[in-house]
Amino acid sequence: MLNESLITDVLSAALSTGGDFAEIFAEDTRGTNLRMLNGRVEEGVSGRDYGVGIRIFQGFRSVYAYTNDASKENLVKVAKEAAAALSGTPQLQDIVLQRLRFEAFNPVSKKPAEVLHTDKVAIMKRAHFAASDYDSQITQVAITYMDTDQNVLIANSEGLLVEDRRIRTRLGINAVATKGNEKQSAFRGPGGHRGFELFDHIHVEEIARDAARSAVTMVNADYAPSGKYPVIIDNEFGGVIFHEACGHGLEATSVAKGASVFSGKLGQQVASPLVTAVDDGTIPNAWGSQNIDDEGTKTRRNVLIENGILTGYMVDKLNGRRMEMESTGSGRRQSYKFAPTSRMTNTFICAGESTKEEIINNTEYALFAKRMGGGSVNPATGEFNFAVAEGYIVRNGKIEKPVRGGTLIGQGAQILQKIDMVASNLATGQGMCGSLSGTIPADVGQPTIRVSEITVGGRKGAN
């Protein structure tokens, strides 16, 4: 995208007022978004996003600027304007670029740009009919399809030069069930760091029917009881609680500022000994995986908590300076319009030794949260509340009945300590995570776990 002579000129301009590090992030992204409602395509957008971001460090200070004009004259001008925010003695240095070689974890066999729109719509129709035909109570089905093909070039004043291509594809299925004036919806969103071959690896109709099943089950369910009692959280998207309530607190973005409950606790027990948690950007073709992060560092498997002991954080370059730690390949951004910061990739609690059946059979009374919904979290304290999208009452070791309207309320670090059973059925789910550097794809996951006690918001008098 940019030649080496231009890159060195821009980096030199960025260092002209005393900066000690400069970086270029160039991006050329093409993508498609389709939306179908009740079997008809209502929206289709294809586009291209191109631009360059320039970042400069001076100690712990950082300046960021971006432009979609990649001419030499403009890039040098933008670099100098950004540098003007800093003052100091220019550090003359001979920038010698060397290309970084890396292992590609995410092979693609069917590039979305080479697939006809009619074939993409055909996948959406398969999902639509599978969900809408599931039950007469299904009154609306919305299907979304997206693919992106992002080419990036990253270079910095330390001599790094690296290019990468990221292709992602995702299908969204939202089914709505109606009973009188009551409505309940359920969403499934399979995706991967893959091309159109994603649909050779997933069963579209099965996923769509599962969304419909969940919506129908919940619209006919009783209300969840309120109170403090055990909660069993199922695998896959159940991991969103760890992602939100604990994962963000393990990002250097908050740790470096002391704005996390996990700041300064390396080597301390922060969770049950049954808990090992990992962020791994190297899982082949996983939704949140990348060969390199958005600062050009190779991604890796980062063990965050091992047997309950805090062993690491997710660290980007700038916050790594503040913490005197090296980058863990965790610097991510939505696009060239955002400066990167530490973010999760594929974050999950590792498999344990129990089975899901053993957990249920050994529970006298609990809420079984089969599927989690949305929620809110205070990253500084880890306090959260999450809706249970699909829930059941467990009584005397058996799943008794479905319940709806439950909300889990608690503090992430405390919940980690109260996990007393962990199953072996690890699975992951796909989501989009928003933070300071924009919205990025991220996998969440866990096996089925039991928490000895959580505050459950529900309906008083329900049981």
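All of the numbers you see were taken from the coordinates with simple rules; none came from a lab. Here the structure is a predicted model, which means the values were calculated and not measured. Note that each Cβ is placed from the backbone with ideal geometry, even for glycine, and that neighbours are counted across all protein chains shown.
Straight-line cross-link reach from Lys77 at under 28 Å between alpha-carbon atoms covers these lysines, not counting any fewer than eight positions away in the same chain: Lys317, Lys337.
Each residue of region 293-308 was assigned a 3J(HN,Hα) from its phi angle through the Karplus curve 6.51 cos²θ - 1.76 cosθ + 1.60 (θ = phi - 60°); the sequence is 7, 7, 10, x, 8, 4, 6, 7, 8, 10, 7, 8, 10, 10, 6, x Hz, with glycine and proline shown as x.
Computing Rg and the Kirkwood Rh from the Cα coordinates of region 227-457 gives a ratio, Rg/Rh, of 0.97. A simple packing score, the average count of other Cβ atoms within 10 Å per residue, orders the peptides 341-351, 172-182 as 341-351, 172-182, with the highest score first. Annotation for region 381-411 versus region 121-158: alpha-carbon center distance of 28 Å.
Taking only the alpha carbons of region 46-129, we obtain Rg and Dmax values of 21.4, 66 Å in that order. Mean sequence separation of contacting Cα pairs (under 8 Å, at least six apart), scaled by the length of region 227-457, corresponds to a relative contact order of 30 percent. Where in region 28-66 does the label zone of His117 land, with the point 7 angstrom along Cα→C-beta and an amide N cut-off under 16 Å? In region 28-66, the label zone of His117 (backbone N under 16 Å from the point 7 Å along Cα→Cβ) covers 31-37, 40-48. Which whole-angstrom value gives the distance between the alpha carbon centres of region 38-71 and region 203-261? Each part's Cα centre sits 30 Å from the other's. Fraction of C-alpha pairs exceeding 22 angstrom in region 147-279: 66 percent, rounded to a whole number. Other residues lying with their Cβ under 9 Å from the Cβ of Ser327 contribute a combined charge of -3, Lys and Arg counting +1, Asp and Glu -1. Taking every DSSP helix (H) stretch of at least 4 residues in the chain, weighting each as -39,500 (n - 2.57) and dividing the sum by the residue count yields a mean residue ellipticity at 222 nm of -5000 deg cm²/dmol.
The alpha-carbon atoms of region 110-204 define a convex hull whose volume equals 116 cubic angstrom per residue.
Set the Cα radius of gyration of region 411-463 against 2.2 N^0.38 Å, with N its number of residues, and you get 1.53. With R₀ fixed at 60 Å, the C-beta to C-beta distance from Tyr50 to Asn361 puts the FRET efficiency at about 0.60.
Structural size metrics of the chain, computed from C-alpha coordinates, are Rg and Dmax of 23.7, 73 Å. Projecting label points 7 angstrom from Cα along Cα→Cβ for Ser424 and Asn307 puts them 2.0 nm apart. Take every Cα pair under 8 Å whose residues are at least 6 apart in sequence, average their separation, divide by the length of the chain, and the relative contact order is 16 percent.
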